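Input: a single structure, listed below in structure tokens.
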Amino acid sequence: RYRETRRRAVTLALPLSMRINDRGVMLCECDPSETSLASVLHAARSAAGLPPLGPALTHQRTLSRGVAPPDEEARRERLRQAYDDACRGVPDDALLRCVRESLPSLVQQWELRRALTAQLGLHALLSYTLQLKALQPGSVVFSRATGAVHLACAADLTAAGAAAEKPLPFRLTRNLQRLATPFGVDGAFSATFSAAAECFASPRKCPLELWLATLAQPEEDGATGAPLPFSPPWGAAPAEAASRMHALSPAELVKKMGKQADVHANLRALVAEATSEEALTRQPPAWQAWL
């Protein structure tokens, strides 16, 4: 709908799916070319003869070792140590090797990495502005045929009470950064992020508040007409999501601050927050920040 998103062929991948409960768990169309971030880790460790869940178990053992930390500084040091121990068991190029092994041609590999990087930028925007709930590794699915990225589950499956002290704006962990390396976060990732934000920030082209309000309406029981239990897979209110889109739209920033505005300053701050090791160490174990 917006010239820049058309030029960059930005498309949000939505596989055929059917919701099977009120928590957002869905049945999705099977595509043999797709793999999740969690599956990539399991395959890499299994190929090396290592237990797939080893890093998660190592993380838990480090956290539970010895006596409880006596103060906040000691607790942070324990979290950092657990994160570092888990990272040592996870290669940061597991996803990159998965892409390389799936395509024999270097040209095809390059194009797939470029497409995946752009898709990561689009999902980063939606994760932050809509506050998407499902960002655990098993839900982040990549297509090795098209480069599309989608969420296979709309529910937050982390354990109750295990919420992060401060949730990250989006997932940009080690394997995802390594995948985007030749293009850089300042390349296809940022360009897609900004182009999509500008499109969503235009009510005439994308009435985001209206869409979210409509999609959040519960379905009705066919027999009784009563509304069925439903929790939308995002946490942001429609007005809040629209406000965040406006704050990230280059066109809106130029209107507000003039042509000298640094239109990517907010994005750089979000990337710094998403890649901060201190913030990553405080994520719940099920989020698997070491990936």
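Observations, loosely collected:
- Of the peptides 274-286, 118-130, the ranking by mean beta-carbon count within 10 Å, highest at the top, reads 118-130, 274-286.
- Surface listing: R75, R113, R244 arranged by accessible area from highest to lowest gives R75, R244, R113, probe 1.4 Å.
- Packing-based ranking, highest mean first, of 86-98, 221-233 given that Cβ atoms within 10 Å are counted: 86-98, 221-233
- Spatial separation of Cα centroids for the range 117-139 and the range 60-109, in angstrom: 20 Å
- Summary value for the range 11-149: 33 percent relative contact order, contacts being C-alpha pairs under 8 angstrom separated by 6+ residues.
- About the centre of its Cα atoms, the chain shows a dipole size close to 740 debye [charges on the beta carbon of Lys, Arg (+1) and Asp, Glu (-1) only; nearest 20 debye].
- Rolling a 1.4 angstrom probe over the protein heavy atoms with all chains in place gives the chain an accessible area of 52 Å² per residue.
- Contact order relative to length of the chain, as percent, for alpha carbon pairs under 8 angstrom and 6 or more apart: 25 percent
- Cleavage-rule hits (GluC sites (Glu not before Pro)) in the range 18-97: DSSP loop, at most 13 neighbouring Cβ within 10 angstrom: E29
- Gyration tensor (alpha-carbon) shape descriptor, the range 65-146, a/c threshold 1.5: oblate
The values are calculated or read from the model by the stated rules, or taken from the named source; none is laboratory data. Keep in mind it's a predicted model, so treat the numbers as computed, not measured. Cβ: placed from backbone, ideal geometry, glycine included. Neighbour counts: every protein chain shown. Please note that ligands, DNA and RNA were not included when accessible areas were found on the heavy atoms of the full protein model with its side chains. Shrake-Rupley method; radii C 1.70, N 1.55, O 1.52, S 1.80 Å.
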